[in-house]
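Structure first, then comments.
The values are calculated or read from the model by the stated rules, or taken from the named source; none is laboratory data. Predicted, not measured: the structure shown is a model, and the values here were computed from it. Quick reminder, even Gly has a Cβ in these numbers, built from the backbone with ideal geometry, and neighbours come from all protein chains shown.
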Amino acid sequence: ADGGTIFLDEIGELPAEAQVALLRVLQEREIERVGSSHPIPVDVRVLAASNRDLEAAVEGGTFREDLYYRLNVFPIRLPPLRERVEDIPILVEYLVDRYAKQVGKSIRNIEKRTLQLLQAYDWPGNVRELQNVIERAIVLVEGETFAIDDSWLTTKRSKVTNGTARPVTSLANGEKELIEAALAESEGRVSGARGAAAKLGIPRQTLEWKIRALKIDKLTFRKR
């Protein structure tokens with residue numbers, strides 16, 4: 001990264017020992033290779049991001065105050081998704097196109113009601129939650145119009161506001177449907193670029209375990 005820029009994501013999760021090491025690099029502008037005692041000058045711009053409240057972490061003693069002020073030279077606050085509803089249609093359009101290409105589908109339209117649902121939801125999981133909802137819908141969608149099941153968002157909202165979770169059986173049934181849809185598209189293949197694991201975005205071993213646990217017969221999805 002010497003002479004360039006390095007991006008440190010989730011800086012708030014950095015262990016105490018690593019915080020000390022990073023602070024030294026930022027202050028001294030030099031590093032030492034493992035096993036060496038010779039300092040090497042570095043000229044690097046550091047960008048750091050965190051979804052945690054670092055000021056609160058400093059007060060709580062989990063993040064070094066001196067490192068916080070060393071990093072906090074030019075802070076940029078990115079509002080959560082619920083505070084920038086006007087961005088949701090643009091993000092949805094981009095993510096639908098991205099995930100549709102990954103699974104080889106052609107999505108030409110986005111249902112108006114779906115956009116309204118997505119804009120009305122408060123997104124406690126922020127953009128990552130939006131990505132997961134859209135990727136899940138892309139796997140299940142049939143035809144050229146993108147739509148979601150509004151129960152996905154209603155259930156999540158009730159879980160946040162009322163503290164009630166979905167029954168385990170409902171979760172299992174939903175997961176089984178999702179896996180079966182992916183297996184149908186991949187003609188029973190689990191691994192490979194066009195396999196069900198790739199379509200679902202999970203490791204092959206994880207999918208194999210879920211198939212056994214949910215008692216899914218993947219052979220029924222293979223072309224004869």
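Some points to look at:
- Candidate set: region 63-93, residues that are modelled with pLDDT under 90, aliphatic (A, V, I, L, M) and under 18 Å from the mean Cα position of the chain (by Cα); chosen: the one surrounded by the fewest Cβ atoms within 10 Å (Cβ to Cβ): LEU78
- Within region 5-62, tally of residues that are closer than 27 Å to ASN126 by Cβ, hydroxyl-bearing (Ser, Thr, Tyr) and loosely packed, with under 12 Cβ neighbours inside 10 Å: 1
- Selection within region 1-29 - over 29 Å from the mean Cα position of the chain (by Cα) and among the charged types (D, E, K, R): ASP2, ARG24, GLU28, ARG29
- Among residues of region 101-126, those that are farther than 25 Å from ALA196 by Cβ and in a helix (DSSP H, G or I), counted: 9
- Residue match in region 104-125 (condition: β-branched (Val, Ile, Thr) and assigned by TED's automatic domain parsing to the domain that holds GLU30): no
- All positions within region 190-200 that are touching a residue at least 24 places away in the same chain (Cβ under 8 Å), in a loop (DSSP other than H, G, I, E, B) and surrounded by 15 or more Cβ atoms within 10 Å (Cβ to Cβ): VAL190
- Members of region 128-139 that are modelled with pLDDT under 90 and exposed (fewer than 15 other Cβ atoms within 10 Å of the Cβ): ARG128
- Residue, surrounded by the fewest Cβ atoms within 10 Å (Cβ to Cβ), within region 96-114, restricted to residues that are within 20 Å of the chain's Cα centre (by Cα) and touching a residue at least 12 places away in the same chain (Cβ under 8 Å): GLN102
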